[in-house]
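Data first, discussion second: the structure below is written as structure tokens.
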Amino acid sequence: MGKRIIQQARGKGGPRYRVRSQTFRYRLEYPGEEGKGKVLALINSSVHSCPLAKIMLNNKMFYIPAFQGMIEGQEIILGGSEIKLGNILQLKNIPMGTQVYSVEVRPRDGGKLIRSGGNYATVLKKIPGKVSLLLPSKKETWLNEDCRAVIGIIAGQGRLEKPIMKAGKRFYMKRAKGGRVWPRTSAVKMNAVDHPFGSGRGKRIKSKIPKRNAPPGANVGSLSPRRTGRKKR
């Protein structure tokens, strides 16, 4: 009898695969009120690809990704229409061509889009009730004009340019994010008890077509094509 493969165990297979509770100790979101805040400190978080800014606003603390050039003691404004680096404004108050990050997908959700180091989106178009953004992937998306965003570019640009010289460094970088995500062992190199593709009886992956709605872990193998045959014009 086989055992659960890594895809099935990751996330719920015990302490080895779970993310530590203290890993994501900083929750990145905006407060529900407006006003003038002050940057108290810039914080390094091992699970984020950019430094975080600790901000005090009306005796309430919150965290956002820091922008390039942010300094401790700097004042930022949440709300209003002043265009200044670090200010958190609604998309309808941000002019076209402005670079923004930490964008809300729905109004008041705290900011979900564009939060990794060195990234930004650009305000492209505006229509009544909607604002178009050009994402780092060069795709265009339309959002509610009441969604908020931070003006600027996230700090930490160029983090991928420095090579990782040792396997140990890569191990600890991946380990910080929780779970056994590295090193990734090829399925055909495993034993038969560890994976459906394992064993030394052959290196060709078996022709196995799982169901499309199969959960992660059971969805291992060849996926059936979306369609077959020559496409009609």
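Each value in this text was obtained by applying a stated rule to the coordinates, not by laboratory testing. Just so it is clear, the structure is predicted and the values come from calculations on it, not from any experiment. So basically every Cβ, Gly included, is an ideal-geometry build from the backbone, and we count neighbours across all protein chains shown.
Below, the figures for the structure above:
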quantity	calculated
Estimated Rh, the chain: Kirkwood, alpha-carbon pairs, angstrom	21.1
Amide proton proximity set for SER45, modelled H, under 5 Å, gap of 5+	LEU52
Amide H within-cut-off set for ILE76, under 5 Å, with H built and near neighbours excluded	GLY37, LYS38, VAL39
Using alpha-carbon coordinates, inclination of helix 167-176 to the longest axis of the chain, degrees	70
Taking the chain and dividing mean pair separation by its residue count, relative contact order in percent (alpha carbons under 8 Å, at least six apart)	18
Test item: Cα-centred dipole of the chain, Lys/Arg +1 and Asp/Glu -1 on Cβ, debye	2300
HN-Hα J in Hz across the stretch 50-66 - Karplus 6.51, -1.76, 1.60, θ = phi - 60°, x for Gly and Pro	8, x, 10, 9, 9, 10, 9, 9, 6, 6, 10, 9, 8, 10, 9, x, 6
Cut-off 12 Å between beta-carbons: net charge of the residues surrounding SER49, Lys and Arg +1, Asp and Glu -1	+3
Length-normalised contact order for the stretch 17-97 - Cα pairs under 8 Å, 6+ apart - percent	26
Rounded if a/c under 1.5, otherwise prolate or oblate - the stretch 11-122, Cα gyration tensor axes	prolate
